[in-house]
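The next block holds one structure in the form of structure tokens; read it before the comments.
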Amino acid sequence: MQVTETLSEGLKRGFTVTVPAGELESKRAARLKELGQSMNLPGFRPGKVPLSIVKQRYGTAVQGEVLEQAVGDATRALLEERGLRPAMQPRVDLVSGAEPGAADLEFKVEMELLPEIAQPDLSDLALTRLKATPDAETIDKALKDIAGRQRSFETIDEVRPAAQGDVVVVDFVGKVDGEAFEGGTAEDVNVEIGGAGFIPGFAEQIEGMTPGEEKTIAVTFPADYSAAELAGKDATFDIKAKGLKRPVDVAIDDEMAKKIGFEGLEQVREAITRQVEQEYAQLSRLRIKRDLLDALAGKTDFEAPQGMVEAEFAQIWQRVEADRKAGELDEEDKEKDEETLRSDYRKIAERRVKLGLLLAEIGRLNAITVTQDEMMQAIRAEAMRYPGQEQAVFEFFRKNPQATESLRGPIFENKVVDYVIELAKVEEKDVTPEELAEIPPADL
């Protein structure tokens, strides 16, 4: 194999590789002989089929197979001999030698290399871990929400217009462009006047209706509505009021606690407290991780492979376009022109690529790996998101190694982040839940 370097510019490298024709012919002959030994044709003994017939039947396929193998082997040898670490899959273009009996095989291979990344000094990292404690007001609000879901309703015999706090029992038929849509028809639905859970404007227009009355209301589905085919669309609902009810509040006491499976109210409070503490802990980790990444971004004084940046930018921009189409762009982004928006998100893409490379190098240099047990835990967690379909999820990951590998990246990143946080100087700071939940934008 002969290799000639044709490009050396920054992280970009290019080579012309020549594989002798004799080497290819030797591989072709060996493969055809192997196939001939296992080939069965009427009139010939097993393994005695003439080579000319084997070539006639398998020659084209073998030629492609040998070329693919030769290019792959030569490229791998090139990378190994020169100690090259491509950032992405190298690009290969055949120049000559693709036909049987041709001269030497010649192809071009171009790639971008991973940058040389020195182990950064992590001892000077100073981070703050924010800590919030659940207060009585938060716990009480959660208890009221639970009690609200346990309410019962009693019928109002008086025939009068529905008022705030009443529950109207209705039948309705929803339509878009005059046509009833799937899931838009229902009977005996409880609609609380002033309550939440319905399309904005729905319950408000039912206020004042009297049992037996019918009317048509007009609403607009929110842009982020769960059913994408209805998001942002105008609709009408033909409403028939059938009766009135009033909610009967449930006392927040031991009896309520027993109804939802606890021994008493104190156990409910303890469960709520643990849940809120877990939520605060997750927010605290999110904040310290964000601060850490901002600090590490200042240590990415290396060039990012532009192919990786372009691939990351393409993914980001696809989401930006989807948000723009749905009218969900951030207010700040709405004021920017196309060129500015692209420039800002390209900076974000470059930041992500550099941080990803830095974290990967820290992990590599410190022998941080993802264990098989951790991978299985991630797959089980993913399966738990689909109750009743757990086995199908396990089967999907078994048959799709690439999907399984997509779970490895976040686990690895979190392990490296934990490793770096252990090395940093971390100060704890008590804050309010509101301060904890306020996530500032990332530094660019």
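Below, the figures for the structure above:
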quantity: Among 319, 351, 82: highest mean-square fluctuation, GNM of the chain, C-alpha pairs under 10 Å; calculated: 82
quantity: Positive dipole terminus of the chain, leading residue within 176, 360, 195 (C-beta point charges); calculated: 360
quantity: Crossing angle, helix 265-297 versus the chain [Cα axis fit, 0-90 degrees, rounded to tens]; calculated: 40
quantity: Residue-averaged 222 nm ellipticity for the chain, from DSSP H runs of 4+ at -39500 (n - 2.57), nearest 500; calculated: -16000 deg cm²/dmol
quantity: Rounded to the nearest 10 Å², the accessible area of residue 1 at probe 1.4 Å; calculated: 90
quantity: Per residue, the convex hull volume that the Cα atoms of segment 1-95 enclose (Å³); calculated: 113
quantity: 0 to 90° range, to nearest 10: angle between helix 390-399 axis and the chain longest Cα axis; calculated: 20
quantity: Highest-MSF residue in the chain out of 132, 281, 378 [GNM, Cα springs under 10 Å]; calculated: 378
quantity: With all protein chains modelled, accessible area of residue 62 [1.4 Å, Å²]; calculated: 0
quantity: Rounded accessible area of residue 123 (nearest 10 Å², 1.4 Å probe); calculated: 70
quantity: By accessible area with a 1.4 Å probe, ligands and nucleic acids excluded, highest first: order of 428, 312; calculated: 428, 312
quantity: Accessible surface, per residue, of the chain when the full set of protein chains is kept, probe 1.4 Å, Å²; calculated: 61
quantity: Candidates 388, 409, 64, ranked by Gaussian network fluctuation over the chain, Cα under 10 Å, top entry; calculated: 388
quantity: Given (1) 39.5; (2) 35.4; (3) 19.3, the label whose value is mean projected area of the Cα convex hull in nm² derived from this model; calculated: (2)
quantity: Cut-off 15 Å between beta-carbons: net charge of the residues surrounding residue 434, Lys and Arg +1, Asp and Glu -1; calculated: -2
quantity: Among the listed pairs 233/336; 233/334; 215/334; 12/425, those beyond 29 Å (Cα-Cα); calculated: 215/334; 12/425
quantity: Rounded FRET efficiency, nearest 0.05, which uses the C-beta distance separating residue 306 from residue 141 and R0 of 41 Å; calculated: 0.20
quantity: Positive dipole terminus of the chain, leading residue within 232, 284, 420 (C-beta point charges); calculated: 420
quantity: Span from the segment 381-436 Cα centroid across to the segment 186-212 one, whole angstrom; calculated: 41
quantity: Principal-axis tilt of helix 21-38 within the chain, Cα atoms, nearest 10 degrees; calculated: 70
quantity: Residue (of 94, 39, 26) at the positive-pole extreme of segment 1-102, dipole from beta-carbon charges; calculated: 39
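The values are calculated or read from the model by the stated rules, or taken from the named source; none is laboratory data. Everything numeric in this text was worked out from a predicted model, so none of it was measured. For neighbour counting, all protein chains shown are included, and Cβ atoms are generated from backbone atoms with ideal geometry for every residue, glycine included. Ligands, DNA and RNA are excluded from the accessible area calculation, which covers all protein heavy atoms including side chains. Shrake-Rupley method; radii C 1.70, N 1.55, O 1.52, S 1.80 Å.
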